[in-house]
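Structure first, commentary second.
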Ligand SMILES: Cc1cc2nc3c(=O)[nH]c(=O)nc-3n(C[C@H](O)[C@H](O)[C@H](O)COP(=O)(O)OP(=O)(O)OC[C@H]3O[C@@H](n4cnc5c(N)ncnc54)[C@H](O)[C@@H]3O)c2cc1C
């Protein structure tokens, strides 16, 4: 059945123009399929947006690219021009500057183990750098064990083995007469790193993905490992340039786009997806009187799309309870000081308060949040050399309504890293969970995390194949999860499953 469709080169309806869907669309078009993308908003990229005003430009979604290999592979597989010919990728160095609760600061060089160890030893003393370096070696083991099933391959049918075995080789921790091993990221911090600042550094990586370090499995150690091993990259002009390049690659491969086209239902016949139904008002897009129903041999939908057919019993449930983001775009007078770090993480002075606010029984916006400050060195984002474009962000509960004083609190925290910030502000623009919900379609503006091996499979995402033949899910709410590289991989996996069929086991 699938083989017939492949031989006949099917018509494929892709729902949404998020990064995962675009990656799938380009690959499927290259494989010879006729691909049409139906996007409910007026533009491509999903969360990857840019806000412009008065000559200033800001990324409002993700602003740094981990693991660029995923997008390099997409460009290699879909055309002659490599990624680097379409966008300018810049290594961010230092990878991040950290300002800890006690005022200690450290700048960590990009992708250099020796450099990171030396910087931490110098800033924190007491062989802290060595402990972090040793931790990265163990984190690498977790990465090596999970890289294939949790990034490069379709979700294993026996996914529960990923839940039962902790892939991080935790150190034995002796306390009184008992020996235990860290099961959560917070325990790794407390028992193996043994310095509140190193623990904050570790936990900050989980928090940046919206995960509670007290509940995130020890294997979430792969998150700092990924950043350390593959570096942190900036796309000149802002991350929207990456979305543009992927969109243009799709167009060059003859993918068709229909904007302002919300898919309301996946059509089924005899246990198979046979097309999609669109909300009204877009009929001109389909030519002569086809109306609002579009037939297709395969349908590719975002995992977050409402109204998808129910999943079969025994499948992984979607990730639950993930938070959103509050982002503040600041137009500043005065030049960006030479040598400013591109990214500064200002760690919370009230760890318990922040985690309780975000992950407790009654989620609320933390009063004293961890704030990420982004100051790209990019003349394309400012009207002239006497101004600076700065982006602040913090994790907030999904659906949170944001008040002015909460935005003021974010700016006040950022002042710990950028003194005089408020005096330099010309204006600010606030992006709330409601904006993210509008741009992505995810309820409450929740942001998906990458798949991780955790008990009960609670941090996995549903597989890309569904209970309905011919229907596949893509993007951050399906395997292998959220974030630019993971969503990009979901596109590669969906394309492999459609082109090669259910036997497809990954392209690496
Ligand atoms: C503020 C913010 C900060 C982030 N920061 C980071 C970060 O630092 N690092 C990182 O790795 N990741 C980050 N992410 C996550 C990352 O942006 C996403 O995981 C990634 O862009 C993948 O998105 P996606 O493919 O799931 O598509 P999405 O961006 O979720 O887009 C889905 C698209 O589908 C469309 N759509 C949905 N339903 C329908 C329908 N029924 N009909 C038609 N169209 C539909 C939507 O309009 C949207 O365009 C961040 C996200 C946000 C919002």
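The values are calculated or read from the model by the stated rules, or taken from the named source; none is laboratory data. Being a predicted model, the structure only gives us computed values, none of them experimental. Cβ sites come from the backbone with ideal geometry, for glycine too, and all protein chains shown count toward neighbours.
Residues that are under 28 Å from residue 220 (Cα atoms) and away from the ligand (no atom under 11 Å from the Cβ) within region 417-433 comprise just one, 417.
Of the residues making up region 303-327, those that are at pLDDT 85 or above and either over 30 Å from residue 110 (Cβ atoms) or surrounded by fewer than 22 Cβ atoms within 10 Å (Cβ to Cβ) (or both) are 303, 321. Of the residues 460, 484, the single one that is at pLDDT below 95, touching a helix residue (DSSP H, G or I) at 6+ places or on another chain (Cβ under 7 Å) and over 19 Å from residue 13 (Cβ atoms) is 460. Of these, 41, 36, 60, 78, which one is within 16 Å of the ligand (Cβ to nearest atom), over 30 Å from residue 136 (Cβ atoms) and touching a helix residue (DSSP H, G or I) at 6+ places or on another chain (Cβ under 7 Å)? Result of the check over 41, 36, 60, 78: 41.
Summed over region 158-193, residues that are assigned to a loop (DSSP other than H, G, I, E, B), in contact (Cβ under 8 Å) with a residue 60 or more places away in the chain and within 23 Å of residue 474 (Cα to Cα) total 1.
Looking at the structure I just gave you, is residue 496 assigned to a helix (DSSP H, G or I), more than 18 Å from residue 20 (Cα to Cα) and either touching a helix residue (DSSP H, G or I) at 6+ places or on another chain (Cβ under 9 Å) or within 12 Å of the ligand (Cβ to nearest atom) (or both)? When the stated conditions are applied, residue 496 does not pass them. Does residue 289 count as within 12 Å of the ligand (Cβ to nearest atom), modelled with pLDDT under 65 and at positive phi? Here the answer is no, as residue 289 does not meet what is asked. Elements of the type strands (runs of 3 or more DSSP E) sitting completely within region 1-114 and holding at least 2 residues that are within 30 Å of residue 427 (Cα to Cα): these cover 50-53, 56-59, 89-91, 96-99, 105-108. Considering only residues that are part of a loop (DSSP other than H, G, I, E, B) and without any contact (Cβ under 8 Å) to a residue 24 or more places away in the chain, look in region 115-156 and name the one that is farthest from residue 73 (Cα to Cα). Among those residues, the one meeting the criterion is 125.
Checked against (1) more than 16 Å from the chain's Cα centre (by Cα); (2) in a strand (DSSP E or B), residue 233 passes all but a single condition, namely (1).
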